[in-house]
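These notes are about the structure you will find just below.
Throughout, read-outs are computed from the coordinates displayed, never taken from laboratory work. The model shown is predicted, which means the values in this text are computed figures rather than measured ones. Glycine gets a Cβ as well: all are built from the backbone with ideal geometry, and neighbour counts include every protein chain shown.
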Amino acid sequence: MVSKMNFFHSFRNEILKSIEKLAKEGKLPESLALDKITTEPPRDTTHGDISTNAAMILSKPAHMNPRELGELIAKELETLPYVTEVSVAGPGFINLRLTPDFWYKELETILKEKEEYGSSSIGLGERINLEYVSTNPTGPMHAGHGRVAVVADVLANLLEKVGYRVLREFYVNDAGGQAEKLAQSTYLRYKEALGHEIGQIPEGYYPGDYLKEVGQALAARDGDKWLSLPESEWLEPLREFSINAMMTMIRKDLALLGINHEVFTSETELHRMGAVEAAIQTLKERGLIYEGILDPPKGKVIENWKPRKQMLFRSSEFGDDTDRPLQKADGSWAYFAGDIAYHYDKFRRGYPNMINVWGADHVGTVKRITSAVKAITEGQGHLDVILCQIVNFMEGGKPIKMSKRAGTFIEIKEVIDKVGRDALRFMMITRKSDAHLDFDFKKVLEQTRDNPVFYIQYAHARCHSVMRMAEEVFPKWNETSAEVYAGLNDPDELHLLKLLAAWPRHVEIAATVREPHRLCYALYEIAAQFHMLWNKGKENTLLRFIIADNKELTRARLAMIQGVAAIIASGFQIIGITPVKEMRE
C-alpha cells in the first residue's frame with residue numbers, strides 16, 4: 001500500500017477499485033467515468049489526511065445524492081490498510097485519516113531513497129525541447145536574464161525528476177538590425193584600440209565598456225586591416241567576430257549560474273540553410289499564406305503608416321488576434337518568419353512538445369508563435385510559453401545603480417559576486433514567474449527567517465549538527481528499524497512526517513503546472529516545522545532531539561531529522577544549489 005512515489009496516487013487507485021467493486025455488486029452503474037476523481041490533502045487538515053471528490057463527481061451519473069453515495073464509498077474505504085477513519089463532509093467530500101504507522105513507513109522509504117525520494121515516472125520518457133535565455137547576443141548577460149535562466153533551468157531539472165527527457169536549447173538571435181549595430185559598435189572600439197579618437201558613442205550603438213575588450217581582440221588579430229575598407233566589406237566579418245565574442249561571454253555567465261545548454265541554434269544559420277523559405281513554402285502549400293492588406297494597429301498611432309499589400313500568414317485561424325505579416329517593406333523576412341522556421345526545425349528534430357521561457361516583454365509574441373506552431377506542425381506540435389516578469393534590484397529598499405562596465409544594465413556576474421550563485425538561484429524562483437520579483441541584496445544576505453534561502457539552509461545545517469552531536473552520545477545511532485519510529489507520537493512530530501511525505505506530490509504538481517516556485521514554499525514549510533520542534537526542545541527537555549537516557553526515542557527523532565535533511569537536499573538538487581552541512585550561528 002505504501003508507495004515509493006506519490007502516495008495520493010496509491011489511495012486514488014484504491015478508491016477506484018472500491019467504486020468498481022460497488023459497480024460489480026450492482027450498487028453503482030457500470031462504466032462510470034472515473035478520470036475526474038482526485039485525491040488531495042483536505043483544505044482543513046483537521047478533517048483528515050486525504051480528501052476525494054469521488055462522490056460529487058459520480059453522484060449525477062449514478063443518480064444518487066452526493067452524501068448518500070459518499071457514505072456508500074466510505075464503507076468500502078474503511079477496510080483499507082493504514083486507514084483509521086473515514087468521514088463524509090460538506091457537499092460530499094470523503095476524508096480519510098491515516099494511522100501513524102503509515103507515516104512511519106513513509107519515513108522509512110525517505111531514508112532508503114534519500115535525495116531520490118520524489119522522483120516519478122509521470123513524464124513517461126516523453127521528449128521536451130526547453131528553450132531559454134535566447135536573446136540578442138549584444139553583451140554579457142544582465143541580471144534580468146538571470147530570472148529567465150534560473151526559472152527555466154530549475155524547470156528542466158524538475159521535468160527530468162518526474163520522468164521527462166529534456167533538451168536545453170539556446171536560440172541565438174544573431175540576425176537583423178541589432179547584430180549589425182553590435183558590429184558597428186565593435187568597429188568603433190576597434191578604431192579606439194588602434195589609437196583613433198572615436199568621440200561620443202552614437203545613439204543606438206552599444207556603449208558598454210565590455211566592447212573595448214572585443215575591439216582590442218580584433219585589433220590584436222587583424223591589425224589595421226579594416227580601417228580603410230567601406231562598411232559593406234567589414235560589416236559581416238565584424239558581425240560574426242563580435243557575436244562569437246558575445247556568446248563566449250554569455251556562456252561564461254551561464255556557467256557561473258550553473259547552467260549548460262546542450263544545443264545552441266543560430267538564427268543566421270537557419271537563414272543560410274534556407275530554412276525560412278522552406279517553412280514559408282510549406283505554409284503556402286497548405287493555403288495558409290496570402291497577399292493582403294492589414295488594418296492599422298488598434299489603439300496605436302504609427303507615423304508614416306500606409307496600407308500596402310504584403311505576404312500574410314493566416315494566424316487568426318489558429319487562435320491569434322489577427323493575421324501576421326511575414327516580410328518587411330524592403331522584402332526581407334520579418335523576425336516572425338524566422339521564428340516559424342526555428343520552431344518547425346525543433347519539430348522536425350523530434351520535439352513536438354516545446355516550452356519557451358521568455359521575458360515578459362515578449363507577451364505580444366505569444367499568440368502568433370503558438371498559432372504558427374499549430375499550423376506548421378498540422379496540430380501535432382504543442383508550444384507552452386512561460387513569461388517571467390522583471391526583477392527589481394534593490395539595496396535596502398532603494399533601487400541600485402546600473403553597471404558602469406555594461407553601460408545600461410546590471411551584469412549577472414555582479415549579482416553572483418555579491419550574494420553567491422546558490423542564493424541567486426533560490427531567490428529567482430521564490431515567486432510565480434508571472435509576478436514581479438523584488439531582489440533586495442540586503443535581505444538576501446540577512447540571516448533571518450525572512451530570508452528563505454538562509455532559513456532552509458539553516459534547517460539542513462542544524463540537522464547535520466544534531467546528527468554529529470548524536471555520534472558522541474550514541475555511536476551508530478543510525479542503525480534504526482521501523483519499529484523504533486513509534487516513539488514519534490507528538491502531534492508536531494507527526495505533522496512534520498506528513499510534510500515530508502507530501503514532497504513527491506509537490507514535485508509532481510510543480511512539474512505538471514510548470515511552476516518551480518512551489519518547491520520553495522514546500523521546503524520553507526518543512527524548515528519552519530523543523531525549527532519549531534527545535535525550539536520546543538529548548539523549552540521542554542523531553543522534546544529534545546537527543547535524550548541521553550532514552551536511546552530508542554533519540555534514534556526515532558534522529559531518523560526524522562535525517563528525513564528532513566534528505567527532503568531539503570532533494571529540493572536543492574532540483575533547484576541546482578548545494579545544501580550546506582555547517583553554518584555559523
> Using mean Cβ contacts within 10 Å as the protection proxy, how do 313-320, 126-133 order, highest first?
Replying inline: 126-133, 313-320
>> With equal scatterers on the alpha carbons only and no solvent term, can you work out the Debye log10 of I(q)/I(0) for the range 447-575 at 0.19, 0.22 1/Å?
In response: -1.06, -1.34
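When every alpha-carbon pair in the chain is counted, what percent end up more than 46 Å apart?
Pairs farther apart than 46 Å: 31 percent.
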> If we count other beta carbons within 10 Å of each Cβ, what is the order of D321, D49, fewest first?
Replying inline: D321, D49
>> Which residue, I37, P61, I50, has the largest displacement toward the positive end of the dipole of the range 18-76 when charges sit on each Cβ (Lys, Arg +1; Asp, Glu -1)?
In response: P61
>> Apply the a/c threshold of 1.5 to the C-alpha gyration tensor of the range 7-98 and tell me whether it is rounded, prolate or oblate.
In response: prolate
> In what sequence do K36, K306, K225, K212 fall when counting other Cβ within 10 Å, fewest first?
Replying inline: K306, K36, K225, K212
> All other residues with a Cβ under 13 Å from the Cβ of T265 taken together, and with Lys, Arg as +1 and Asp, Glu as -1, what is their net charge?
Replying inline: -3
> When the helix-only estimate is applied to the chain (DSSP H runs of n ≥ 4, each -39,500 (n - 2.57), divided by the residue count), what is the mean residue ellipticity at 222 nm, nearest 500 deg cm²/dmol?
Replying inline: -15500 deg cm²/dmol
>> Need one number: the % of Cα-Cα pairs in the range 406-500 sitting beyond the 19 Å mark.
In response: 63 percent
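For the ranges 388-394, 187-193, what's the packing order if you count other beta-carbon atoms within 10 Å of each residue, average per peptide, and put the highest first?
Result, highest mean Cβ count within 10 Å first: 187-193, 388-394.
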> Mean separation of Cα pairs under 8 Å and 6+ residues apart, divided by the residue count of the range 447-575: what relative contact order is that in percent?
Replying inline: 38 percent
> Mind ordering 336-342, 217-223 by average Cβ neighbours within 10 Å, highest first?
Replying inline: 336-342, 217-223
> Magnitude of the Cβ-charge dipole of the chain, K/R +1 and D/E -1, about the Cα centre, nearest 20 debye?
Replying inline: 240 debye
> Which GluC sites (Glu not before Pro) in the range 362-457 pass both tests, a DSSP loop state and at most 10 other beta-carbon atoms within 10 Å?
Replying inline: E378
> Between D44 and R348, what FRET efficiency follows from the Cβ-Cβ distance if R0 is 56 Å, with the result rounded to 0.05?
Replying inline: 0.65
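How would H63, H47 line up from fewest to most surrounding beta-carbon atoms within 10 angstrom?
Going from least to most buried by this count: H63, H47.
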> Hey, if you put +1 on the Cβ of every Lys and Arg and -1 on every Asp and Glu Cβ in the chain, which of N451, V473, L111 ends up farthest toward the positive end of that dipole?
Replying inline: N451
